[in-house]
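A.B. asks: Here it is, the structure in full.
The values are calculated or read from the model by the stated rules, or taken from the named source; none is laboratory data. Please read all numbers here as calculations on a predicted model, not as lab measurements. Cβ: placed from backbone, ideal geometry, glycine included. Neighbour counts: every protein chain shown. When the accessible area is computed, the model is the full protein with side chains, heavy atoms only, and any ligands, DNA or RNA have been set aside. Shrake-Rupley method; radii C 1.70, N 1.55, O 1.52, S 1.80 Å.
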Amino acid sequence: MDHSHEASGPDLPDWVSQRLVSPKAYATDQIDEAYRWARTNNPLGVARAEGYDPFWVLTKHDDILTVSRNNSLFHSADRATTLLNQAAIERTTRITGGSPNLVRSLVQMDAPDHMKYRTLTQGWFMPANLRKREEEVGQIADAAVASFLKQNGRCDFVRDVALNYPLHVVMNILGVPPEDFPRMLRLTQELFGSQDPDTARQLDALSAEQFGAMIQAVVQDFAVYFNAISEDRRRDPKDDLATIIANATIDGRPIGPMEATSYYIIVATAGHDTTSSATSMAMWALATQAGLLQRLQAQPESIPGFVEEAIRWATPVKTFMRSATKDTELRGRRIAKGDWLMLCYASGNRDEEVFSDPYTFDIDRKPNRQLAFGNGAHVCIGQHLARLEMRVLFEKLIPALKSVSLDGDIKFVESYFVSGPKTLPIRFEVM
Ligand code: HEM
């Protein structure tokens, strides 16, 4: 479908549009410069970039909340839910037979299905249930801290701690044993590709047929793997999320194997590199903000505020997309039915109208109105788990550290979807 005529309204300057679609810009402060310009000069503008359908760019906190909360006016699934270029949309649409999204999991659903599927597991992710998991998470954190402390005073915190710990938690709740973690990582990377040259496969070089065959093979692999877990949980229910997914019914009927696979895929993928990024940024803050480590050692009750600010600072999910189901108006501009909109969470989290000194890392923000988890019907189902994981890890790490500082440059992943530190070299002394 050609949507090129649909987005109307004042265009953003070329340099801003280019940065919004450049994965590289997200690994530098170039994206922040573009966001700042847009917030000040054109907070709801249209990006036009070669190879991409035009899209509205929402850089203000308030607009991101308004659109996220109005789920009937702004759908997630009618167009690509994440930013994709036209070639990727065409390739995906061909293999799915019409949908611009490869899988159909919670993030790519709208009413009425979305709530039916979300309700299946929402209770599991609520604080009351998670309290029962704290000990289990604590054991995984103990192992992460032990391996960190063994690093002899120097490590790459991303590689040595932050990447593995949330992956371990998420795999644990899905019932995947440690020997299969690498397979899961590989599958998710193959399914979602990557924009960073260090991990990317050159998907654009594949023909549509090759791409289709590859995706079908990966989804099939996931399906075989998780069908076995589902069968096991039907025979032998446990107190885990896999048991809930395996035995789920909607409108009185068991959910199909593809729906179950999509559910496993979203939990397996949404829950680890996001939390890893925020965890790494928290360590970056400890290594760079004078007196922070000592303050948190003296006042461990401030750790939740520290975690919340690290999540704001990192904003691991940079963008999600929506599309308008009807003609409407926002910030005085006319949005037409079918228009595509980009929610720039990282910009909302630096909005000067909402955060005083947004470029200061401040653990005392009360309330911290960070919107890194989104809002509305799709608000991150794993937000309480992410906070729990980070709090538990830092409650153990902080008392064990005598000092910590940077030992080289922090480098960031190049991606306009999920991104954060790629390497964080640190030097540390233990108590
Ligand atoms: C949804 C961010 C951790 C599972 C979302 C959304 C955001 C987000 C922005 C909203 C999507 C939208 O509006 O379209 C984050 C961040 C995390 C994090 C920043 C860590 C700091 C987790 C964890 C899990 C998880 C730990 C699970 C283990 C999900 C799922 C959804 C979601 C299943 C889809 C919810 C729906 O569409 O109804 N997340 N997330 N996330 N997240 Fe997270």
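A.B. asks: Under a point spin-label approximation (7 Å from Cα along Cα-to-Cβ), what is the Arg253-Asp14 distance to one decimal in nm?
C.D. replies: Using points 7 Å along Cα→Cβ, the separation is 5.4 nm.
A.B. asks: Something else: Using the charge dipole of the chain (Lys, Arg: +1 at Cβ; Asp, Glu: -1 at Cβ; taken about the Cα centre), state which of Ser207, Leu406, Gly123 has its Cα farthest towards the positive end.
C.D. replies: Gly123
A.B. asks: Moving to a separate point now. When DSSP assigns beta bridges and you keep just the ones with both residues in region 14-430, what percent turn out antiparallel, to the nearest 5?
C.D. replies: Counting DSSP beta bridges with both partners in region 14-430, the antiparallel share is about 90 percent.
A.B. asks: Averaged per residue, what accessible area in Å² does region 23-107 show with a 1.4 Å probe, protein chains only?
C.D. replies: 39
A.B. asks: Give me a comma-separated list of calculated 3J(HN,Hα) values for region 425-431, in order, Karplus coefficients 6.51, -1.76, 1.60 applied at θ = phi - 60°, integers in Hz, x for any Gly or Pro.
C.D. replies: 3J(HN,Hα) across region 425-431, in whole Hz: x, 10, 10, 8, 10, 9, 4.
A.B. asks: Restricting to lysines 8 or more places apart or on different chains, can you count the pairs in the chain with Cα atoms under 22 Å from each other?
C.D. replies: For the chain, qualifying lysine pairs total 16.
A.B. asks: When a/c reaches 1.5 or more, the comparison of a/b and b/c decides; with that in mind, is region 94-169 rounded, prolate or oblate per its Cα gyration tensor?
C.D. replies: Oblate is the answer for region 94-169, as a/c is 1.5 or above yet b/c matches or exceeds a/b.
A.B. asks: Between Ser356 and Gln30, what length comes free when the chain is fully extended (0.36 nm per residue of separation minus the Cα-Cα distance, one decimal in nm)?
C.D. replies: 115.2 nm
A.B. asks: Pick out, in residue order, every one of the GluC sites (Glu not before Pro) in region 301-362 that is DSSP loop and has at most 14 other C-beta atoms within 10 Å; say none if there are none.
C.D. replies: Here the GluC sites (Glu not before Pro) that fit, given the DSSP loop and packing criteria, are Glu352, Glu353.
A.B. asks: Taking K and R as +1 and D and E as -1, what net charge do the other residues with C-beta under 10 Å from the C-beta of Arg312 add up to?
C.D. replies: It works out to a net charge of 0.
A.B. asks: Assigning unit charges at the beta carbon (Lys, Arg +1; Asp, Glu -1) and nothing else, what dipole magnitude in debye, to the nearest 20, does the chain show about its Cα centre?
C.D. replies: Using only the charged Cβ atoms, the result is roughly 500 debye.
A.B. asks: Give me a comma-separated list of calculated 3J(HN,Hα) values for region 359-368, in order, Karplus coefficients 6.51, -1.76, 1.60 applied at θ = phi - 60°, integers in Hz, x for any Gly or Pro.
C.D. replies: 8, 10, 7, 10, 6, 9, 4, 9, x, 8
A.B. asks: Divide by every residue of the chain the summed helix terms, -39500 (n - 2.57) for each DSSP H run of at least 4, and state the resulting mean residue ellipticity at 222 nm, rounded to the nearest 500 deg cm²/dmol.
C.D. replies: The helix-only estimate for the chain comes to -14000 deg cm²/dmol at 222 nm.
A.B. asks: Please list, in chain and number order, the residues 5+ apart from Ile335 or on another chain whose amide H is under 5 Å from its amide H, with Hs placed from the backbone.
C.D. replies: Answer set, sorted by chain and number: Thr328, Glu329, Leu330.
A.B. asks: Could I ask something else about it? Please list the non-local residues whose amide H lies under 5 Å from the amide H of Phe320, H modeled 1.01 Å from N, same-chain partners needing a gap of 5 or more.
C.D. replies: Those lying under 5 Å, H to H, from Phe320 are Leu343, Tyr345.
A.B. asks: For the chain, give the percent of accessible area contributed by carbon and sulfur heavy atoms, probe 1.4 Å, rounded to a whole number.
C.D. replies: C and S fraction of accessible area: 51 percent.
A.B. asks: How many nm separate the modelled label positions at Lys366 and Lys150, each set 7 Å beyond the Cα in the direction of the Cβ?
C.D. replies: Taking the two extended label points, one gets 4.1 nm.
A.B. asks: Classify region 121-277: rounded, prolate or oblate, from the alpha-carbon gyration tensor (a ≥ b ≥ c, eigenvalue square roots; a/c under 1.5 rounded; otherwise prolate if a/b is larger than b/c)?
C.D. replies: Since a/c reaches 1.5 but b/c is at least a/b, the shape of region 121-277 is classed as oblate.
A.B. asks: Also, I was wondering about something else. What number, in percent, do you get for the relative contact order of region 14-430 if the mean sequence gap of Cα pairs under 8 Å and at least 6 apart is divided by its residue count?
C.D. replies: 27
A.B. asks: Taking amide H atoms as placed 1.01 Å from N in the peptide plane, list the residues 5 or more away in sequence, or in a different chain, whose amide H sits under 5 Å from that of Val430.
C.D. replies: Close amide H contacts, sequence-distant or interchain: Lys402.
A.B. asks: Further question: Ignoring everything but the protein chains, give the 1.4 Å probe accessible area of Arg159 in square angstrom, nearest 10.
C.D. replies: Taking all protein chains as shown, Arg159 has close to 140 Å².
A.B. asks: Could you compute how much accessible surface Leu149 exposes when probed at 1.4 Å, giving the result in Å² to the nearest 10?
C.D. replies: Answer for Leu149: close to 70 Å² accessible.
A.B. asks: Using unit Cβ charges (K, R positive; D, E negative) and no other charged atoms, how large, in debye to the nearest 20, is the dipole of region 296-410 about its Cα centre?
C.D. replies: 500
A.B. asks: May I pose another question? Quick one: grab the alpha carbon gyration tensor of the chain, order the square roots of its eigenvalues as a ≥ b ≥ c, and give me rounded if a/c is under 1.5, else prolate or oblate depending on whether a/b is larger than b/c.
C.D. replies: oblate
A.B. asks: Suppose each label sits 7 Å from its Cα in the direction of the beta carbon; what would the Asn227-Ala336 distance come out to in nanometres?
C.D. replies: Reported label-point gap for Asn227 and Ala336 is 4.5 nm.
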